[in-house]
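Just below is one structure, and these are the notes that go with it.
The values are calculated or read from the model by the stated rules, or taken from the named source; none is laboratory data. Predicted model only: the values in this text are computed from it and were never measured. Because the Cβ atoms are built from the backbone with ideal geometry, glycine has one as well, and the counts that use them run over all protein chains shown. Quick note on the areas: whole protein, heavy atoms, side chains included, nothing else; ligands and nucleic acids left out. Shrake-Rupley method; radii C 1.70, N 1.55, O 1.52, S 1.80 Å.
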Amino acid sequence: MSISLPSAAAPRLRAAPNCHHNDAGLIVDLGAAYGTHLDPWQVDVLEAGCGVRSDGMWAARTVGLNVSRQNGKSVILVVRALAGALLFGEKTIICSAHEQKTSRVLFRNLVSYFESFNDLRRRVQSVGSALGREEIRLKDGTVLFFPARTRS
């Protein structure tokens with residue numbers, strides 16, 4: 001999947017490793033199936049980070065994104081975490097943020113998927129919502145954690 005970004009949305013700097021194929025389209029489709037439609041720049045971020053090498057491993061070990069506040073970065077994290085749990089068989093998923101309140105927002109956003117859709121609700125074993133210990137445990141053994149680096 002490759003998209004064409006309007007010039008205003010094209011990043012000034014972009015680097016992505018070569019890959020055998022790209023799984024970004026799977027994530028975009030998953031998000032859309034649950035009512036989350038990504039902007040072209042968000043799809044581009046997923047494409048940069050979801051290339052797969054010929055050995056089946058992720059081509060990018062780390063993905064960095066520098067975008068100003070309140071522009072949709074969290075949406076990318078939420079759909080990527082959801083895809084990790086539902087599509088890619090990732091058993092431990094960590095969605096971390098600098099501040100506790102930001103981590104809590106990520107947690108609530110992801111929990112809302114599991115609360116809003118019956119097929120997802122049936123996968124949940126437990127949800128821990130104690131402040132600083134937020135987690136979603138799925139029946140298949142997948143655990144999504146939401147730690148923060150600071151409480152304030």
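Would you pull out the residues with amide H under 5 Å of Asn22's amide H, same chain only if 5 or more places away, H placed 1.01 Å from N?
Placed amide hydrogens put Val52 under 5 Å from Asn22.
Val63 to Phe117: FRET efficiency via 1/(1 + (r/R0)^6), r the Cβ-Cβ distance, R0 30 Å, to the nearest 0.05?
Computed FRET efficiency for Val63 and Phe117 comes out at 0.70.
Please build a GNM for the chain, connecting alpha carbons under 10 Å apart, and tell me which residue among Thr92, Thr142, Thr62 fluctuates the most.
Thr62
Any idea what the alpha-carbon Rg over 2.2 N^0.38 Å comes to for the chain?
Cα-based Rg divided by the globular estimate yields 1.05.
Compute the length gained on full extension between Leu26 and Leu87: take 0.36 nm times their separation in residues and subtract their Cα-Cα distance, giving the result in nm to one decimal.
21.2 nm
Just to be sure I understand: of the beta bridges DSSP finds with both ends in the chain, what percent are antiparallel, rounded to 5?
65 percent
Order 118-131, 37-50 from most to least packed using the mean count of other Cβ atoms within 10 Å.
Averaged packing, sorted descending, gives the order 37-50, 118-131.
Could you point to the residue in Ala48, Thr62, Leu87 farthest towards the positive end of segment 22-95's charge dipole, with +1 and -1 charges on the Cβ of Lys/Arg and Asp/Glu respectively?
Final value for the positive-end residue is Thr62.
For Cα pairs less than 8 Å apart in space and 6+ apart in sequence, what is the mean separation divided by the residue count of the chain, i.e. the relative contact order in percent?
Relative CO of the chain lands at 19 percent.
Tilt of helix 24-33 relative to the longest C-alpha principal axis of the chain, in degrees (0 to 90, nearest 10)?
50 degrees
Solvent-accessible area per residue for the chain at a 1.4 Å probe radius, Å²?
I get 61 Å² per residue for the chain.
Could you give the length gained by full extension between Ser129 and Thr150, i.e. 0.36 nm per residue of separation minus their alpha carbon distance, to one decimal place?
Stretched fully, the Ser129-Thr150 segment lengthens by 5.8 nm.
Place a +1 charge on the Cβ of each Lys and Arg in segment 3-152 and a -1 charge on the Cβ of each Asp and Glu, then give the dipole magnitude about the Cα centre in debye, rounded to the nearest 20.
580 debye
Just want the answer: with Cβ charges of +1 for Lys and Arg and -1 for Asp and Glu, which residue in Thr150, Gly128, Tyr113 is farthest toward the dipole's positive end in the chain?
It is Thr150.
Springs between alpha-carbon atoms under 10 Å, Gaussian network over the chain: tell me which of Arg133, Arg108, Arg12 tops the mean-square fluctuations.
Among Arg133, Arg108, Arg12, the largest mean-square fluctuation in the Gaussian network model of the chain belongs to Arg12.
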